[in-house]
1. Can you list residues whose amide H is under 5 Å from residue 51's amide H, if they're 5+ apart or on another chain and H is modeled 1.01 Å from N?
2. Determine, for each peptide in 92-102, 18-28, the mean count of other beta carbons within 10 angstrom over its residues, then list the peptides with the highest first.
3. Calculate, for residue 149 and residue 61, the FRET efficiency according to 1/(1 + (r/R0)^6) with r their C-beta to C-beta distance and R0 25 Å; round to the nearest 0.05.
4. Extending each Cα 7 Å along its Cβ direction at residue 46 and residue 15, get the distance between those two points in nm, one decimal.
5. Sort 152, 124, 70 so the one with the fewest other Cβ atoms within 10 Å of its own Cβ comes first.
6. Order these by the 10 Å Cβ neighbour count, fewest first: 123, 129.
7. Among 82, 109, what is the fewest-to-most ranking by other Cβ atoms within 10 Å?
8. Restricting to DSSP loop positions (anything but H, G, I, E, B) with no more than 13 other Cβ atoms inside 10 Å of their own Cβ, which chymotrypsin sites (Phe, Trp or Tyr not before Pro) remain in segment 29-113?
Amino acid sequence: MKTAIVISDTHGNTADIKKLIPLIEENDYLFHLGDGLSDLKVLPEHLLSKVISVVGNCDPSFGDAETVRIIEGVKVFLTHGHDYGVKGSKSRLLARGKSLCANACFFGHSHKATAENVDGIWLINPGTLSRTAAKKSFCYCIFNDGKLTAVINDKSL
């Protein structure tokens, strides 16, 4: 069993990332889905090896725009989402996930938290931790024996 904290669209909010440090320490991975990758500078150095990240449309263009990993038998596709038009529809994202034979597509960009299974593929957006967001959220995931459980946390940090 492996676990992950998933965040996106932090847009300069290092204060809430600092609040998540104890939780990040307890988990195996931290996924950052873009738009605020520089905010990870507040993490202690020993946590940086847990980070898997992709660049967003508001990040400098260094790093991967998308990545695929297999965690405990679950194939995950990570992207920010802007290249797939996720603010309008998730159909292009879903098609990309299918083409990769992914079990889950993790994305950000829309600032709207969701965890839904469409055609057998999980589409998971942790929402946003932006300072100005009316509702901040992140996602907690468990990967175990080819299965994924995802829970959106939109309670106060």
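1. Counting only residues 5 or more places away or on other chains, the set is 30.
2. Output ranking for 92-102, 18-28: 92-102, 18-28.
3. Between residue 149 and residue 61 the formula returns 0.15.
4. 2.7
5. With the fewest neighbours first, 152, 124, 70 line up as 70, 152, 124.
6. 123, 129
7. Values: 82 19, 109 25.
Placing the least packed residue first, the sequence is 82, 109.
8. 62
Each reported figure results from applying straightforward, stated rules to the coordinates on display, with no laboratory input. Remember, predicted model here, so these are calculated numbers, not experimental data. Virtual Cβ from ideal backbone geometry, glycine too; neighbours counted across all protein chains shown.
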